[in-house]
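The structure appears below as structure tokens.
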Amino acid sequence: MEGCSSDGSTSFFSSRVADGWDLISTEFGLVEGSDINGGVTDSVTDHHQLNQGETSEATYQTTEGGGHGGRAKLTPAQRKESKRLSDHKYRQKRKITADEQAAEIKHLKEENEQLNAENRRLKQKILLPHGQLEHQCFSAQDHHGSRPEASDRLSSLQMNEIKNLQQMNSEAGTCSNDDTSISDLLMKIDADEESTVKFTDFTGLDGKHVTVGKYCFPLSLLPTLKLIINVYGDVAATSKMSPSITERIYVMFCASIKEMRDLRLEQITECRILKWRDAIKDALRMNFKVDFAMEHLKKIACGYIGLMERQRLEEVALRISKLEAELSASKKEHSKICERSKVYMDTAKAFIGKPISLGMLKAQNRRLEDRNRRRQRHLDDLEQSINYYKRENAQIMTAIQVKTQHYLDIETENIVLRAEQSELNARLLSLNETVSISLMKESNDGEGGRIQS
């Protein structure tokens, strides 16, 4: 499909981490296995050049001082101290730069791992097979075809209905897939997926190039670039990546904008929209100020969805007209069959659910009818008995519920009476003790009086 890359192609965003690492390794003398967090390994070549520059400067100063006699020659201790300070400044500068680059590399690696994980998850998704109903229709047709008596009963009208049903199921499966893809388009634009856009996805990037600012652009993109700069300014001014990486992203972004200007809504496809999405999101990841492009891309996606829906609406209207014509023809054929076969259908209705010898042996028919009447009467008696027992059972259950409630009320009253009885017994016991104490006291008082007298 146009604008789509194969699953095996290497995306630009996946490879930009490696490019950034190679660039940093070349510029700062980093090698694999070096400890970035602990400080950058000293570059022997740069350090040697620095020492040579300092030695030459000291020699020049010595020569100049000796020639004119106005400047004193540096002592070995002073040269050593000057060399130590310059080495310290050099290492501090290299360490700061290396820390910034290491943080950027770590961020890019984490982002790359997230994108790879998302890509693997999407590849593992299995689309549900469609057309199952169509397979069932074929299976039913094969099943009836294996039986001669069933295949003889299939008329030409039934065969046509089966074919129409198969066609409708096939179209329904296609429509369901279209619904899924169209509804997922806006979510795909917002999804943080791995970029698959490449230079080969665009045309007209070969040939003569011109330099604009720090970057080199194909001559075919120059009008688009000037238009972007005139309206939005330099959108890549805030990017902190190396010029080579920024240039590639900038070129693909301008190529996407150029395609938007050249194409019409009827000419675009979903894959082309996703290709533009990847180019714009790569620019956003590089801190380009291209939010306007993403907003406009969403508008293009909405327009594309509307165009697809209008086409599907026309197809559905055409199918409706065809089905209405077939329905009208089927109704006419149905009325003809009813008029032609009314007598035969009435005769068949008289035999349905009955022995086919009905009417041939009238005595046997009378016995069967009498037996059926007796069975029906017995069945009615059983139903009446069942209803009677159900009503009696309901009455018994009601009486049981009333008795149970009465028992619960009596039990509650008994509990209250038992509590009152316990309280009265306690009071009676207390009164008996009081009376006993009073009697003992009176008896004691009487004995004391007699003793005094």
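The values are calculated or read from the model by the stated rules, or taken from the named source; none is laboratory data. Just so it is clear, the model here is predicted, and its values are computed rather than measured. No Cβ is skipped: glycine too gets one built from the backbone with ideal geometry, and neighbour counts run over all protein chains shown. Just so you know, the surface numbers come from the protein's heavy atoms only, side chains and all, with ligands and any DNA or RNA stripped out. Shrake-Rupley method; radii C 1.70, N 1.55, O 1.52, S 1.80 Å.
In this label model, Asp291 and Arg418 are separated by 8.1 nm, measuring between points 7 Å along each Cα→Cβ vector. Among the listed pairs Lys208/Lys240; Lys240/Lys299; Lys214/Lys240; Lys332/Lys354, those whose Cα-Cα separation exceeds 22 Å are Lys208/Lys240; Lys240/Lys299; Lys332/Lys354. Stretched out straight at 0.36 nm per residue, the stretch from Leu122 to His378 would grow longer than its current Cα-Cα span by 85.2 nm. If the cut-off is 20 Å between C-alpha atoms, which lysines fall inside it for Lys298, apart from same-chain ones fewer than 8 positions away? Within the straight-line limit of under 20 Å, Lys298 reaches these lysines: Lys188, Lys258, Lys275, Lys281, Lys289. Compared with the direct C-alpha span, the chain from Glu314 to Arg450 gains 35.5 nm at full extension, assuming 0.36 nm per residue.
Return the FRET efficiency for the residue pair Asn230, Thr200: r is the Cβ-Cβ distance, R0 is 30 Å, and the value is rounded to the nearest 0.05.
On the way: r = 29 Å, r/R0 = 0.98.
FRET efficiency, Asn230 to Thr200: 0.55.
Take Leu417: with every protein chain present and a 1.4 Å probe, its accessible area is about 100 Å². Calculated accessible area for the stretch 185-312 comes out at 49 Å² per residue, all protein chains present (probe 1.4 Å; ligands, DNA, RNA ignored).
The overall shape of the stretch 303-453 is oblate: from the C-alpha gyration tensor, with semi-axes ordered a ≥ b ≥ c, the ratio a/c is 1.5 or greater and a/b is no larger than b/c. Residues whose amide H falls under 5 Å from that of Val212, counting only those 5 or more places apart or on a different chain, are Phe217, with hydrogens built in the peptide plane.
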